[in-house]
Amino acid sequence: MTDTQSGLLSSQHDWSSAAARKRVKRRYAADRRLQFYGIGAIALSILLLGVLFSSLMFTGYVAFYTTKVALEVPFAADQFDKDKLGDANYRGIAKTAFLTYFPEVTSRAEQRNLVKIMSSGAPYIIRDFVVANPDRIGSTVTIQVPVSDPFDQLYKGVIPRYIDALGQDRIALFEKLQRRNVIKIEGGKAFAATDIFVNPAEIPDGDITKADLHGMVREGFAAYYPKQTSRAYQEILAEDASTQVLRAKIEAEPGIVGKTVTLMLPLAPAYDELARTGASKIVNPRFGDKAEFVWFDKLISAGAISTPFTWELFTNADSRYPELAGLAGALSGSFFALLVCFLLSFPIGIATAVYLEEFAPKNKWTDLVEVNINNLAAVPSVVFGLLGLALFINTFGLPRSAPLVGGMVLALMTLPTIIVATRAALKGVPPSIREAALGVGASKHQVMLHHVIPLSLPGILTGTIIGLAQALGETAPLLLIGMNAFIPSIENMGLTQPAMALPTQIFSWADSPERGFVSRTSAAIMVLLGFLVIMNILAVYLRRKFERKW
Amino acid sequence: MEHQVVEGSKPVTVPALDPTITARGVNVFYGDKQAIFDVDVDVPRNAITSFIGPSGCGKSTFLRCINRMNDTIPICTVTGDIRIDGEDIYDPRLDVVELRARVGMVFQKPNPFPKSIYENIAYGPRIHGLTRSKKELDELVEKCLEKAGLLKEVKDRMNEPGTGLSGGQQQRLCIARAIATRPEVILMDEPCSALDPIATAKVEELMEELKENYTIIIVTHSMQQAARVSQRTAFFHLGKLVENGDTRQIFTNPSDKRTQDYITGRFG
Ligand SMILES: Nc1ncnc2c1ncn2[C@@H]1O[C@H](COP(=O)(O)OP(=O)(O)OP(=O)(O)O)[C@@H](O)[C@H]1O
Ligand SMILES: [Mg+2]
């Protein structure tokens, strides 16, 4: 030791000076600040996660129960042919059974509207029941069938019976008429008392069938809005009905041609409502008309409506009708794709990692391979989808839309994750263990198989499960290879059959216009997240189980 | 063994020069850097030989040449001739795995496998097929633990992890593991540096017993330990073998100035 060093070390430091105390204080403050940042960040992410989950729950929970109507179906023996049970007139059977709730509705047109309350899938549900229980033919069976989507959503309170048809500016336009006392209510209907000049020039040859009555009504009504540039006021009148009124008037009193008459013109439904009730509620256009509510309410008061758990969400295939659509196809597609993905990526990934980590000579080539594997992990998944499309489908001629190809593409994506995780796990095994094994005369592969791999198994499994969880949620590559096939049947599910996967199912439902698919989408996301959570719990469990101290 | 006649006469005697291991002209390189320079050394049979020398002088490196552990370091190259019982261990036809079973090693830091105590010892015999039945294996495990002086302490916890033992117990477990493959030579690289004096005494006692049947090389930084346990001593300095001879002679009357300086604590 040199003298200068010992001098430096032996110089006394004053730990109680003001500067030292200030330094200590600053250090504590910095510690606290850092802690605060950390807590803040965690709180924020928990909050965001909470928002995500609660919004999912909020929109999704209604998909877990279905509004169903109980049908008393009498299976008369003469309706069925024993050898062709699937071919009976189930549409008719369903319709008859449903109409028994409404003996008073007799007109065919009304009946047609009425039956729309029941899901279009009802005949198939009855058919499946008969095919499964042929012994019940001859008896009367109560079968629960879903109601169609609008009524399902109505019963769940997702959509209202009436909606506000008019915005603020429309109402203002209308109120102008009211202020000028143009709007009259007569016999429960609202009318606009409109002055119309019956222009003879518009009636060629005095033939009113050729007359532009429409234009006359418009012109007359436009006089109430002389300075309006927007044509929004034209929506106020029920145009066709108003034209009818004018025509009837001219036909009844031909003498008014060339004069101005005051006509009571009917209003469009929304404005009619607004005039009479002060609010512009109209029947939600998802329903035909008000009569349907009355019918539906009758079903409710008859106790025919119930809301059982939607097992169909897991057992049904996809469907155009949201009340019938289920995830069975997507679950099986995802299962097979993940199976293929696992079977390919796990052994290949581990073999690659073990070779690179333990056996490969360190040279330019292995460096290059290593860099490329790390880069592969960063390649956007869409690119793998394109690769799969070009290679597996176009070059190798594997079937489109099949979980086999999906799994192969996902394996490409998962491989780098598994390789990187495995290498990290192998690196984490202390060299002393290898030396110990080599020291008692284990060969290189024995060292690997007996010691290093078992010890790195927790890391390998965690990496694998995380890779698979990523693969489970991957959408883009599956879309590219067509794994978003609409398969409305759960037969023919397999490795090479066209299929759907969970994320592509979510994608396709999210894209559908029917209201019921909104909650179905959220429910499917919840199912997907549920699987991800299960997989992550499994990863943690396996890590705990295989973890060993040294 | 035909050479057992050498033993039995106490106190320490210089063993007859009946070398098990003979090294001639050994050079070791780590990449371009030479760590061992032209070392010639003989290690006598059924005796303890200690390698001493300042840190970084190449004791471990040379020791690892004897069971070819250096092969596992890619940049390391060994030249020269090392023979055990006249057999060239760097002969390309020789099976390294078998060599390592015949030349056991105990490391500086106890490194039991993270498996049960039983498995730790049974592993070597099992991969080399040294026993024919489960019963035989059980007996072997017990015998090794007995020899390592550990049996009494672990008899009823054979299935508990070896990593759960104390440091001294772990090191004795590693010695038991090393003798389980019935080696002829045991290499010990600072086996007691992580142990307290009592555990050290136990290990030294154990070595004393083991030398009846094994040829032991121990690397140590403790002059006292070298003087206590070994019959022969080799002093390394800067990668060269400076002096090699009877322990008593080296510690009482070294012929090289550097040896003198080292053992009297003038450098190191
Ligand atoms: N794996 C390695 N790669 C490169 N150089 C090494 C390696 N191992 C040892 N060396 C070098 O070889 C020389 C001898 O090292 P070695 O470990 O044999 O010394 P030692 O005598 O055992 O020292 P100590 O008493 O501190 O254990 C040192 O200079 C060291 O830096
Ligand atoms: Mg050393």
Farthest toward the dipole's positive end in the stretch A:1-139, which of A:Ser55, A:Thr100, A:Tyr28, given Cβ charges of +1 (Lys, Arg) and -1 (Asp, Glu) about the Cα centre? A:Tyr28
For the pair A and B, the solvent-accessible area buried on both sides (1.4 Å probe; DNA, RNA and ligands excluded), in Å² to the nearest hundred, is 1600
With a ≥ b ≥ c the root eigenvalues of the C-alpha gyration tensor of the stretch A:168-282, is it rounded (a/c under 1.5), prolate (a/b larger than b/c) or oblate? prolate
With every protein chain kept in place and a 1.4 Å probe, the stretch A:274-376 has an accessible area per residue in Å² of 50
Using only helices, what value at 222 nm comes out for chain A when you add -39,500 (n - 2.57) per DSSP H run of length 4 or more and divide by the total residues, to the nearest 500 deg cm²/dmol? -17500 deg cm²/dmol
Using a 10 Å cut-off on Cβ to Cβ distances, tally the other chain neighbours for every residue of A:426-438 and report the average as a whole number. 4
Mean separation of Cα contacts under 8 Å, 6 or more apart, over the residue count of the stretch B:62-177: relative contact order %: 30
Compactness check, the stretch A:398-550: C-alpha Rg relative to the 2.2 N^0.38 Å globular estimate gives 1.38
Span from the the stretch B:212-249 Cα centroid across to the the stretch A:127-156 one, whole angstrom: 93
Net charge near A:Ile300, counting Lys/Arg +1 and Asp/Glu -1 over other residues with Cβ under 14 Å of its Cβ? +1
Would you mind telling me the antiparallel percentage of the DSSP bridges in chain B, rounded to 5? 60
With viscosity set to 0.692 mPa s at 37 °C, what whole-number translational diffusion coefficient in µm²/s follows for the stretch B:3-263 from Stokes-Einstein and a Kirkwood radius over Cα pairs? 174
Using 0.36 nm times the number of residues separating A:Asp14 and A:Ala41, minus their current alpha carbon distance, what extension gain do you get? 5.9 nm
With every protein chain present, what accessible area does B:Thr200 have (1.4 Å probe, heavy atoms only), rounded to the nearest 10 Å²? 20
Nearest 10 degrees, 0 to 90: what angle lies between the long axis of helix A:403-427 and the longest principal axis of chain A (Cα atoms)? 30
Per residue of B:104-115, count partner chain C-beta atoms within 10 Å of its C-beta, then hand back the mean as an integer. 5
At most 12 other Cβ within 10 Å, DSSP loop - GluC sites (Glu not before Pro), the stretch B:150-252: B:Glu212
Students sometimes get this wrong: rank B:Thr252, A:Thr504 by accessible area, probe 1.4 Å, all chains present, largest first. B:Thr252, A:Thr504
Can you give me the solvent accessible area of A:Tyr162 with a 1.4 Å probe, rounded to the nearest 10 Å²? 90
Solvent accessible area, Å² - B:Arg24, 1.4 Å probe, full protein context: 100
Whole Å is fine, so just give me how far the alpha carbon centre of the stretch B:170-210 lies from that of the stretch B:121-144. 19
Computed about the Cα centre, the charge dipole of chain A from +1 Lys/Arg and -1 Asp/Glu charges at the Cβ has a magnitude in debye, to the nearest 20, of 2500
Per residue, how much accessible area does the stretch B:131-224 have with a 1.4 Å probe, in Å²? 44
The longest stretch of chain A containing none of the GluC sites (Glu not before Pro) that sit in a DSSP loop with at most 10 other Cβ atoms within 10 Å is A:105-490
Along its three principal axes, how long is the protein assembly as shown when you only count alpha carbons? Whole Å, largest extent first please. 150, 85, 51
Of B:Asp32, A:Asp31, A:Asp135, which has the most accessible area with a 1.4 Å probe, and how do the rest follow in descending order? B:Asp32, A:Asp135, A:Asp31
Mean separation of Cα contacts under 8 Å (6+ apart) over length of chain A, as relative contact order %: 16
Determine the distance separating the Cα centre of the stretch A:497-521 from the Cα centre of the stretch A:403-426; give it in Å without decimals. 27
Estimated dipole of the stretch A:168-282 in Debye, rounded to 20 [Cβ of Lys and Arg +1, of Asp and Glu -1, Cα centre]: 500
Which one of B:Pro110, B:Tyr90, A:Ala510 is farthest out on the positive end of the charge dipole of the protein assembly as shown, using unit charges on Cβ (Lys, Arg +1; Asp, Glu -1) and the Cα centre as origin? B:Pro110
Do the sum for chain B: with -39,500 (n - 2.57) for every DSSP H run of n ≥ 4, divided by all residues, what is the mean residue ellipticity at 222 nm, to the nearest 500 deg cm²/dmol? -10000 deg cm²/dmol
Once you average over the residues of B:159-171, how many Cβ atoms of partner chains fall within 10 Å of each Cβ? 1
Between 0 and 90 degrees, rounded to the nearest ten: what's the tilt of helix A:364-376 against the longest Cα principal axis of chain A? 30
Over the stretch A:319-455, with every protein chain in place, what whole percent of the accessible area is carbon and sulfur at 1.4 Å, could you tell me? 72
Sorting B:Arg266, A:Arg515 on solvent-accessible surface, 1.4 Å probe, most exposed first, gives B:Arg266, A:Arg515
Counting only C-alpha contacts under 8 Å and six or more residues apart, can you give the relative contact order of the stretch A:168-282 as a whole percent? 34
Using a simple charge model, +1 on the beta-carbon of Lys and Arg, -1 on the beta-carbon of Asp and Glu, nothing else, what dipole does the stretch A:442-550 show about its Cα centre, in debye to the nearest 20? 700
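The values are calculated or read from the model by the stated rules, or taken from the named source; none is laboratory data. Bear in mind the structure is a predicted one, so any value in this text is a computation, not a measurement. With ideal geometry, Cβ positions are generated from the backbone for all residues, glycine too; neighbour counts draw on all protein chains shown. When the accessible area is computed, the model is the full protein with side chains, heavy atoms only, and any ligands, DNA or RNA have been set aside. Shrake-Rupley method; radii C 1.70, N 1.55, O 1.52, S 1.80 Å.
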